[in-house]
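Nothing in this text is a laboratory measurement; each read-out follows from the coordinates by a stated rule. Predicted model only: the values in this text are computed from it and were never measured. Cβ coordinates were reconstructed from backbone atoms using ideal geometry, including for glycine residues, and neighbour counts include every protein chain displayed.
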């Protein structure tokens, strides 16, 4: 164990105890101070970011990665605005009513409290440094941030601004700590600090998430991928279904709530598939179609799907298409290939819709609505720190409340469980 | 991977899907059928239990273990009664209001749903087989039960009764499965079934829990131990504090919410410690006292504590005793040695009490009330499937709601996130 990592984890634990004594107003003031630092020192951050971008370009990294890495004056303004928005959210901490009454006068209460120390493990996006620190601070948690090596200069500059803001706000500097190195050995050491860290949230590609989940002794909130389906049931309104498909597939293909697979009821496939194929062709979406559906689509529009397509998260303008016999077959396909993320049905039959809503296991199930609505902001949770596709602790988008837990407070006057 | 284990996990996953279509009434009817089987076939269970007891005696196992293993006609009546009590609990599943409204008419709802498949790993107590199966069934979860080898005959007899009840109730038999073997290799295989099992709950000694947590790819709810403190603050009512101590230490020393360590404010130690020592002596409690407190207690009553005593979960009539300078020192001691389980303050000063309640990190914090109240039944949760000392998913006693999660249901009429 690198003693520096142990020391960072220990200092974060100490800071988390100090945060318990801070009011919501004090935490919000620190958030506003962070936003102010971002406003005033954008130049420093952009200079650091330029170093990261130059290194990335020299290493020949993809333009997609360089885009995730890039900060601009506009992006920094948006980042400061998002921190101010977090400050405006209601304080998630405090007493929560508990209806249970006891005859012996013992008062039972519940208090919403921070989890303690949260480690965020992420990749190239430097904005996560600020977003994660802000959401943890809002919920009274200390955070340990471990970004990708591509963004190290940007992250250091951002962490320095956050520290200045914390100190100006008289909060402990160790309330937010950027891991100084991006060594994998240090990450492994961090994941062993189960006495000091309460939760690990990895954000990034499936490889990173599996690595963290496999090596962590600390509970991990996992989100592997989003293989989201649209099932067009036989009673569906075709125009509506195609609107959902266009929004779900093309409005932002690289995000996890984008659609990847279209399931079409065999009863309507001959009529629906050509319309769908035309709409997709017009938007540059390539199709990977099952043999049955390929017969109904002009050959040039569709490649023959292989088994791998049913589990693929393309994150691109590619759509897998499959004809299914009926609702049972659609449910079975989703049970086998779904990722517990977002599933959609287009149907005008309320009974079929309710059956789908109830039976499909996913963090969000939509009837006649786009998969893209599975998002903390859209659902009214405020900013989101991640999205969970495991059902433990959180399922779906995680807002600040997901970074808290409830403890029991009992107030008595000498009550004992057995007569003394 | 033993193919039998994979098949069991797969069948449980299938059964969990079928359970989604069962009403609360159907699940409750199955619970009542289980209770009826226990009533009618107590003889079979007792005969199987006699085999386990004979084997345990022949192996020279401790009387404490044999007591945990033992079933009697009275214990079976109590077990059936507890299943009927679970049946009477309100259905934890169903719609949960979500206040967020949207201007576009998209309806956002939340549905409380089962986790899916829960694996319970436990030791000698055969009653856990029935309790765990009942709580999982109540909450719509399939369960895989892996008891200790000591109780294998009893567990098989109980599992057979449960199966009969499930079949009579037209529920899938795989909704409850006892692992046929108690091989460690099979347990390791089970802990790898992260595609089919949603949660693992180990119940038993710290060794078992650490083993499961270390080897599981599935999320684990951990409860290592309860090192519970009573802090007697300077303004405490001595008689009240001693009542809490007697109840906490002696009413059931072997349980996790029993007291293990007494912290005494230095300002009152000279007066309080002799009274406390007399009360403990009268109840056969041995003391392990710090050097300061030992000076204030007649030597014969107290052994000198070593560092190990501050982390010890005695589960026996032994109490560690330490004088602390003040509240800060008490908080620091608990932060270092507490187990996030239950902590108690005796004080007549509301400000000190509220500081302790807020600052101490534990699933339950008591002011002038016994540690023994940290129990699902006492807090109004109904039956409890375990107690969590990690803050993820559940903190403290876990009732049936802890075996559920919330999924989002969105009902629209073609809404898209971006204009199409």
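Just a few scattered comments:
- Beta bridges per DSSP with both ends in the protein assembly as shown, % antiparallel, nearest 5: 25 percent
- Between residue A:100 and residue A:75, the contour length at 0.36 nm per residue exceeds the Cα-Cα span by 4.2 nm.
- In this entry, segment A:308-404 is assigned a mean projected area of 7.2 nm², taken as a quarter of its C-alpha convex hull surface.
- Most mobile of A:389, A:347, A:261 in a GNM of chain A (Cα contacts under 10 Å): A:347
- Number of partner chain Cβ atoms within 10 Å, mean per residue of B:256-265: 0
- GNM result for chain B, Cα springs below 10 Å: residue of B:27, B:102, B:210 fluctuating most strongly: B:102
- Report note on the peptides B:62-73, B:350-361: ranked by the mean count of other C-beta atoms within 10 Å, highest first, their order is B:350-361, B:62-73.
- Unit Cα scatterers, Debye sum, segment A:27-142: log10 I(q)/I(0) for q = 0.10, 0.16 Å⁻¹: -0.44, -0.83
- When the helices of chain A are scored as -39500 (n - 2.57) per DSSP H run of n ≥ 4 and the total is divided over every residue, the value at 222 nm lands at -13000 deg cm²/dmol.
- Reciprocal of mean inverse Cα separation for segment A:228-378 (Kirkwood radius, Å): 14.8 Å
- Whole-Å distance, taken between Cα centres, linking segment B:349-386 and segment B:184-214: 29 Å
- Shielding by partners for peptide B:105-115, expressed as the average number of C-beta atoms from other protein chains within 10 Å of each residue's C-beta, is 3.
- For segment A:153-196, the spherically averaged projection of the C-alpha convex hull amounts to 3.6 nm².
- Nearest beta carbon of chain B to the B-to-A rotation axis, with distance in whole angstrom: B:393, 2.
- By the beta-carbon count within 10 Å of each Cβ, the least crowded to most crowded order of A:401, B:343, fewest first, is A:401, B:343.
- 7 Å along Cα→Cβ, label-point gaps from residue A:99 to other copies, nm, shortest first: 1.7
- Overall dimensions of chain B, expressed as equivalent-ellipsoid semi-axes from the Cα gyration tensor (√(5λ), whole Å, largest first), are 42, 30, 18.
- For segment B:13-59, a Kirkwood hydrodynamic radius built from all Cα pairs, placed in the Stokes-Einstein relation at 20 °C and 1.002 mPa s, yields a translational diffusion coefficient of 162 µm²/s.
- Proportion of all alpha-carbon pairs of segment B:318-363 beyond 12 Å (%): 64 percent
- Using a 7 Å Cα-to-Cβ projection, residue A:295 label spacings across copies, nm, ascending: 9.5
- Counting Cβ atoms of other protein chains within 10 Å of each Cβ in B:391-403 and taking the mean gives 4.
- Taking each residue as 0.36 nm, the span from residue A:23 to residue A:7 lengthens on full extension beyond its C-alpha to C-alpha distance by 3.1 nm.
- In terms of the mean number of neighbouring beta-carbon atoms within 10 Å, the peptides B:174-180, B:86-92 order highest first as B:174-180, B:86-92.
- Teacher prompt: residue A:4 distances to equivalent labels in other copies, 7 Å Cα→Cβ, nm: 5.2
- Working note: Cα gyration tensor of the protein assembly as shown, eigenvalues times five, square-rooted, sorted largest first, giving semi-axes of 48, 37, 22 Å.
- Highest-fluctuation residue, B:40, B:341, B:393 considered, GNM on chain B with Cα pairs under 10 Å: B:40
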